[in-house]
Amino acid sequence: MLGIAKDFYADTDQGRQRRGNEDSHFARRPLFAVADGMGGAQAGEIASGIAVSVFEHGVPDGEGSVEERLASLVQDANARIHELSRSDEERAGMGTTLTSAYLDEDELSIAHVGDSRLYRLRDGVIERLTRDHSLVEELVQEGRLTPEEAEEHPQRSIITRALGPEQHVLVDHFTHRVRAGDVYLICSDGLTSMVRDEHRLAELIEGSATLREAGRTLIDAANAAGGRDNITVILFRIEEIGAAGGAGGPGSATTAAAGGPGTAPATDDDRTMVGATAPRSEEVRAALAASGARTSEGPAATGGRRTGGAVAEAPARRIPRTPTGPPPKRRRRGRKALRVLVVLLAIGVPIVGGAWVASQSVYFVGTDDDGFVTLYRGMPYDLPAGVSLYSVNYTSGVPASALTAKVQDTVTAHKLRSRDDAADLVKQIEQGKLVGQQGGQ
């Protein structure tokens, strides 16, 4: 199963010749976007910022395909920018490009206006998936210019379509099937106007050890060629859920808000330490019942042992105290220690075994070490000797720090759920449905 872009990179650079940065970008899995503003007097910066802000709550549910709803968001951005440009004389005429992509399992939906670009690198071959809405592109399509002539044309920076100038805008939108290993690049023309050879773009990406390194290499190459414009780069790689290096594996993922820096390292406040809140036995039984798991035989799901039909709790995180005092008599205490060991093995092995079996039937939501909302399979217990009763099932692209306090509480409560219930909660968070709610899930 495809549909995860755990490894991604996003950043923007002012370039060498501009006094400010009018680019903005949005990178929160599964949604990515780049906007290149224009208008002067900071109007371009405002326009691009408005454009990417429409993605803050994700792609809403509703009629139509994901592709159509993504295009509708771009239309909303156009309406907002146009209205502001009419109501504020200082913003009159402002506009922005916008290239956006939404990853939905094995499909990538794209909505695009302007001359920012989206490329796909597959099996060493790079392909541009968007068409520039520019004067020279139209001349190329009409056969009046060759692609080589277009690269050197004095009017190559004139675009024919953008968000803001008109009340309505035609949005290009389409969907492509994705494959594991695909790398996608979304960028402003500050990159492609400086590094015009698409094969060179592919070489720079493939020659880098990580997407972070590739992103910085692309930006450095644009600056080395003159850096005449702002440079914004988003890179993400398609991975299979559960594959090595996929969901739950180590990665170099970064999250960038609109117009912000590309790296947002997690802090202690962003992280949820799994196991900090242990579920009650009735929660375990309820979650197991919801998932259809059997609870009538074998050890209790909480790791307890059966005593006359009841469950005797055995806290998983309890650590034996280190004995103090004078050394015991060797033979007498040795026999006692042996008996204790036998008893512990007789009780502990079924407990651990039963807990592990139970852990395959329940799920909970927390955050990973990078602060992203994560779906875990198992129970939020850490046993002694580094044994955990949970594993990562899916890592979302939503940082817990972006959620309201109430929704954060829902995430960090580690309530045990059936798989469908837990997956639905993560999906609602990814789509922004819980951002303004009070954490009642």
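Read-outs: derived from the displayed coordinates by stated rules, not from any lab. Since the model is a prediction, treat every value here as computed from it, not as a measurement. Quick reminder, even Gly has a Cβ in these numbers, built from the backbone with ideal geometry, and neighbours come from all protein chains shown.
Points worth noting:
- Annotation for Asp106 and Glu138: the two label points, set 7 Å from Cα along the Cα-Cβ direction, are 3.9 nm apart.
- Charge context of Ser48, other residues only, Cβ under 9 angstrom, K/R +1, D/E -1: -4
- Between the beta carbons of Glu151 and Glu89, assuming R0 = 30 Å, the FRET efficiency works out to 0.25 to the nearest 0.05.
- Stretchable slack from Glu63 to Ala79, in nm (0.36 nm times residue separation minus alpha-carbon distance): 3.7 nm
- Distance between modelled label sites at Ala405 and Gln167, nm, 7 Å Cα→Cβ extension: 4.4
- For the pair Arg228 and Thr160 in one chain, pulling the backbone fully straight at 0.36 nm per residue adds 22.4 nm over the alpha carbon distance.
- By definition, a body whose alpha carbon gyration tensor gives a ≥ b ≥ c is oblate when a/c is 1.5 or more and a/b is not larger than b/c, and the range 97-173 fits this oblate description.
- The range 8-264 shape via C-alpha gyration tensor axes, a/c threshold 1.5: rounded
- Segments 402-411, 20-29 sorted - mean Cβ within 10 Å per residue, highest first: 20-29, 402-411
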